[in-house]
1. Between Ser90 and Ala133, what FRET efficiency comes out of the Förster formula 1/(1 + (r/R0)^6) with R0 = 35 Å and r the beta carbon distance, rounded to 0.05?
2. What is the gain in length, in nm to one decimal, between Ser523 and Asp344 on full extension, counting 0.36 nm per residue of separation less the C-alpha to C-alpha distance?
3. Using θ = phi - 60° and the Karplus curve 6.51 cos²θ - 1.76 cosθ + 1.60, what whole-Hz ³J(HN,Hα) does each residue of the stretch 693-701 get, with Gly and Pro shown as x?
4. Against the longest alpha carbon principal axis of the chain, how many degrees, from 0 to 90 and to the nearest 10, is the axis of helix 415-428 turned?
5. Lys/Arg Cβ at +1, Asp/Glu Cβ at -1, dipole of the chain taken about the Cα centre: which of Asn259, Cys167, Asn500 is farthest positive-ward?
6. Can you pull the one-decimal nm distance between simple spin-label points at Thr574 and Glu274, each 7 Å off the Cα toward Cβ?
7. Can you tell me the relative contact order of the chain? Whole percent, Cα pairs under 8 Å, sequence separation 6 or more.
8. For the pair Glu194 and Ala223, how long in nm is the line joining their label points, each one 7 Å along Cα→Cβ?
Amino acid sequence: MPRASTFLWNKTMLLQVNCRGYTTARHMQPEPGQYSYAPILEAKTFMQPEQGHYAHHPGRFVYIKDEQRDELFSVPYEPVRAIPDKFTFSAGPGDAQWEISHKGIGLNWQVTLPPEEAAELWQLTVSNDSPEARQLSIYPCFTIGYMSWMYQAAEYSANAGGIIARCTSPYQKLEDYAAIKQAKDLTYLLHDTEPDAFECDRERFEGEGGPHNPDALNAELLAGSAAHYRVPVAALQYRVTLAPGESIRYKFLFGPAQNEQDIASARRQLLQDEAGFSGYRQTLEIGHASISCASPDPMLDHFCNHWLPRQVYYHSDINRLTTDPQTRNFLQDHMGAAYLKRCDPAEAFRLALSQQADDGTLPDGILLQEGAELKYINQVPHSDHAIWLPVCLEAYLAESGNWAFLRETVNGSTVFARVLQALNALLAHRDHRGLCFIDQGDWCDPMNMVGHKGSGVSGWLSIAAIHALRLWSRVARQAGEANAAADCEQSAQALSDNVNAHLWDGNWYARGITDDDVKFGISKDTEGRIYLNPQSWALLAGCADDSQRQRLIAEVESQLGTPYGIAMLAPAYTGMREDVGRLTQKFPGTAENGSIYNHAAMFYIHALYAIGESDRAFHWLRKMLPGPGEDDLLARGQLPTFVPNYYRGAWQQYPDSAGTSSQLFNTGSAAWFYRCLIEQLYGLRGCPEGLTLDPQLPSEWQTASAVRHFRGATFAVSYRRDPGTKATTALLNGAPLPDNTVRDIETGAHYTIELLLPASRK
Ligand code: CEZ
């Protein structure tokens with residue numbers, strides 16, 4: 001699995017490492033910045049899917065030269081690419097490690113982060129596992145790379161105990177100077193053991209041999225040059241002789257800094273004091289999982305009990321490492337946090353509401369701090385942000401039971417009223433048919449040319465608005481707001497009529513109608529004939545009647561189903577469609593152009609559960625993860641430690657690449673996966689009275705169990721199929737439980753629940 005990767009993060013940085021040793025690091029200062037650069041200046045952009053790696057890709061490597069045998073290899077694998085005798089890449093919650101054995105030399109190479117600071121702590125253990133003494137030169141080599149065309153340099157500092165590179169971040173506008181002055185333009189590599197030699201100049205280090213066979217390693221000692229306006233590298237050399245069975249350990253600290261005082265304090269706090277790092281592990285080990293499941297599928301359990309809550313937490317913890325998260329991402333990521341222990345998304349919701357405009361509309365992105373601005377995609381007007389408020393708040397209310405939140409005021413209006421204002425603004429932004437305008441995109445970012453002239457509408461958004469209105473109608477009723485509840489339901493019904501009058505295409509719903517009044521995502525289209533989102537949300541919204549449901553599910557399954565999950569649209573576009581937009585310019589089967597876009601697949605799964613299609617829902621849910629078979633794992637090329645934003649689709653057109661993971665762990669799928677797992681699969685959903693029990697286990701599961709932390713209490717739930725049971729029956733401490741609902745939950749209490757399920761569901 002040559003592209004397997006994992007990621008680590010803390011409050012200020014993100015590090016993605018791949019099994020070969022390539023790394024992508026970003027830190028916040030406060031905008032995302034770098035300290036380990038590519039050989040050319042890369043455009044600034046969001047984290048990319050399917051990032052390519054090249055010979056000079058930033059990485060953290062160690063060259064090992066066997067002085068007697070004149071042999072060279074490197075760990076983890078790059079740049080020398082010598083095949084080791086044994087190789088293990090292991091992703092942990094708070095670290096990544098490699099265990100490598102090469103001709104009698106054992107190596108452990110590992111990285112972890114501190115809880116707060118942007119810095120990487122690397123540790124290397126080299127042991128002689130052979131019967132004779134081994135004379136080795138060990139060269140840790142950290143990429144610094146092309147820092148700037150204005151100023152870049154590096155030198156060894158005995159005083160700091162390592163190599164320090166410095167640059168002036170490239171800029172041209174005078175108004176950027178203030179930020180540049182504050183930038184962390186130093187990159188350091190500190191050691192705990194003084195080296196025998198060093199090299200700071202990448203070209204001198206590599207010579208003609210290149211990164212895979214650097215000339216500098218032919219000499220007895222590295223030359224010790226500084227880099228003066230040349231591309232820096234941080235390479236050290238240790239010459240050691242290890243007796244049989246002997247081992248040696250080194251530690252290195254690598255990161256960005258503003259000045260030398262910061263580097264000195266990093267040495268003190270992070271390199272000399274191990275507590276700095278155990279703190280990080282402790283932070284992660286506290287754990288945010290609110291459910292622990294045991295099912296007949298141990299790989300799924302492992303993912304759900306450990307990795308999924310970690311990924312959900314990552315999203316809410318650092319907001320995808322941006323200062324202006326897209327509004328829909330921000331709301332859904334924090335919806336995910338509602339299901340985590342020790343997390344409270346209320347503050348995030350308040351922040352989003354505080355940035356609502358007077359006319360009720362929400363901005364495209366939420367500014368997280370002073371000085372942040374809407375950038376990149378957030379400068380493109382998208383029309384869907386309002387619907388995420390009711391969708392995410394309804395989930396939050398159900399989970400937390402914090403109904404008082406609705407009465408809190410934000411900038412003078414209650415939360416409840418603000419949601420209504422957002423929905424009203426959405427309703428006001430409709431065309432003569434009463435369908436929602438799309439502007440330059442909706443949930444689908446790159447669908448930018450359907451409505452840029454001002455009249456195109458979004459089929460998906462019109463349908464999603466029905467669902468949002470119905471959810472809010474239910475919330476309003478529960479909050480005693482009967483009038484608002486009736487208004488929402490009335491608007492939903494009117495929208496539903498419009499949707500059925502204009503968007504039903506016979507067997508499924510159209511994706512939209514362009515500025516030039518052309519319906520698309522319909523049976524007449526040869527590309528982009530059917531889109532998943534309108535169908536999923538129609539199941540949720542209740543606008544499709546029984547026969548429509550059956551027909552659209554059959555079409556989704558036959559046209560969008562693949563061995564790797566359910567695709568977002570099909571057939572993928574093979575060329576630009578100027579009345580749809582940028583999405584059609586993406587390579588067929590990647591991202592929004594017909595991949596297994598997991599966020600969209602999750603909506604479908606959520607909708608299938610909502611209408612009681614449990615087996616189908618589970619079938620697609622399970623495909624969200626690589627495995628369990630080895631063939632599937634290798635086809636995806638990713639460890640089952642995170643849900644990627646997509647797997648390649650266009651299964652019919654490109655069967656060879658179908659299924660390949662994007663390796664991108666930023667995705668709204670994580671929050672929805674966790675929610676569906678808890679509320680629908682295991683059926684442990686909050687309600688105003690307490691906890692309702694309505695599981696939807698796949699029919700082939702005979703038994704399962706779950707421990708759920710909910711509103712301060714613990715629920716130990718066992719599930720068992722029972723041939724004599726007609727409808728799901730709950731027993732609380734052995735006694736039947738009316739409506740399968742636990743009421744008046746006491747903080748700190750422990751509830752034991754037995755759930756008897758019919759032999760096949762419902
Ligand atoms: O970004 C995501 C957005 O963060 O795409 C989703 C959208 O709902 C999320 O809010 C679907 O469009 O601009 C582009 O073309 C990018 O491909 C983005 O659409 C996409 C990236 O994959 C970011 O992870």
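What follows is calculated from the coordinates using simple rules that are stated; it is not laboratory data. Model, not experiment: these values are computed from the prediction. All Cβ positions, glycine included, derive from the backbone under ideal geometry; neighbour counts span all protein chains shown.
1. 0.75
2. In short, 60.0 nm is gained.
3. For the stretch 693-701, the Karplus-derived couplings read 10, 8, x, 10, 5, x, 4, 6, 7 Hz, x marking Gly and Pro.
4. 80
5. The residue sitting most towards the positive pole is Asn500.
6. In this crude label model, Thr574 to Glu274 measures out at 6.1 nm.
7. 9
8. Spacing of the two 7 Å Cα→Cβ label points: 2.4 nm.
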